[in-house]
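Below is one structure; the comments refer to it alone.
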Amino acid sequence: MEEPGYPLGRRALELAGLTVVPIPVDMEGINVEIGIAQAADALIALVTPGQQAPLGVTLSSNRRRDLLKWARTQNAWIVEDDYLGELQLDGRAKSALASGDGAERVIHIGTFSKTMSPSLGLGFMVVPKLVTEKFVEIAAVMLPAPNRTTQLAMAEFLADGHFLRHLRQMKDLYFVRREKAMTHLSKSFPQIKESGLGLIAFCSETVDDVMLVAAAREQGLAPSPLSSWYITANNKRGLILSITNLNTNNIANACGTLNDVIEAQIKA
Ligand SMILES: Cc1ncc(COP(=O)(O)O)c(C=O)c1O
């Protein structure tokens, strides 16, 4: 799996009894060549090709090709965690691995948590024919279907074209919020970057980002420490900041509070 990568994804693999091999992510996404060198016989590659979680990069075309080729030749599975779906704030989203050649080795996981709301509790999987029955059986036993009314409402929302309109609207809104937050935080964090629906504020290696998060929580903010998304000790430090739940009117306040937390921690 990707290093850094989604901690709950990692934990899910561990709970399934799998051994996780961390594979570095660079500007092109997961480094497939290193992955093959370190774990050629892996059963599964768990990836976020659309927008890497947490760094936000999109898996390049060459890497996509190499990853699909590896899965085909090894009879391995690619688990495509498409947590942001079409919600790409910069440019157009690349098509899913599950939608092209090689899709017979791709298990695609989608969710409406980010595109709509986590409170809906709706997600979906697109699974190759070879394993459909198995997935249906496992879902029936282990994963009760979400409320049918919500499912039907969502289906109608999609069919009537409201979903696409909603996405367009939210993309514009999130883009503005992200830009505003970036402006307010760039003094405290000279190394701040856009990533998906948020920002990553990189800190120096000497900063304890877990402590920083604890201090921010006391002020009602809930960033995630970048270091906890790494398995190896060779991690980067920083804060993963979501902008989706910021209200346009309180961005300045929230960023001001975070700036104060940083200042207090650095002086301490
Ligand atoms: C990378 C990644 N994958 C999966 C999920 C889980 O989404 P869901 O809310 O559908 O469980 C998240 C949620 O934050 C995420 O960040």
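The values are calculated or read from the model by the stated rules, or taken from the named source; none is laboratory data. Small disclaimer: the values here were computed from a predicted structure and weren't measured. FYI the Cβ positions are ideal-geometry reconstructions off the backbone, even for glycines, and counts take in every protein chain you see. The accessibility values were calculated without ligands, DNA or RNA, using every heavy atom of the protein model including side chains. Shrake-Rupley method; radii C 1.70, N 1.55, O 1.52, S 1.80 Å.
A few comments on the model shown:
- The base-10 log of I(q)/I(0) for the stretch 163-267, evaluated at q = 0.10, 0.14, 0.24 Å⁻¹, reads -0.28, -0.53, -1.35 [Debye formula, identical scatterers on Cα atoms, solvent excluded].
- Cross-link reach is defined here as a Cα-Cα straight distance under 17 Å, omitting same-chain residues fewer than 8 places apart; for Lys193 the lysines meeting it are Lys180, Lys236.
- For the pair Ser60 and Val131, a Förster radius of 41 Å applied to the C-beta separation gives a FRET efficiency near 0.90, rounded to the nearest 0.05.
- Cα gyration tensor, the chain - rounded (a/c under 1.5), prolate or oblate: oblate
- To put it simply, the accessible area of the stretch 163-267 at a 1.4 Å probe is 51 percent carbon and sulfur.
- Note that the chain presents 57 Å² accessible area per residue, ligands and nucleic acids not counted, probe 1.4 Å.
- Near the amide H of Trp77, within less than 5 Å, lie the amide hydrogens of Ile44, Ala45, all on another chain or at least 5 residues away, with H placed in the peptide plane.
- Label point distance in nm, Met211-Ala252, each placed 7 Å from Cα along Cα→Cβ: 3.2
- Rounded Å value of the spacing that divides the Cα centres of the stretch 93-123 and the stretch 196-264: 27
- Positive-pole candidate from Ile78, Leu18, Val32, dipole of the stretch 2-159, charges at beta carbon: Ile78
- Here the Karplus relation 6.51 cos²θ - 1.76 cosθ + 1.60, evaluated at θ = phi - 60°, turns the backbone of the stretch 213-218 into coupling constants of 5, 4, 5, 5, 4, 4 Hz, with x for every Gly and Pro.
- Carbon plus sulfur fraction of accessible area for the stretch 1-78, probe 1.4 Å, in percent: 56
- Dipole-positive endmost among Pro146, Ala264, Gly91 within the chain (Cβ charges, Cα centre): Gly91
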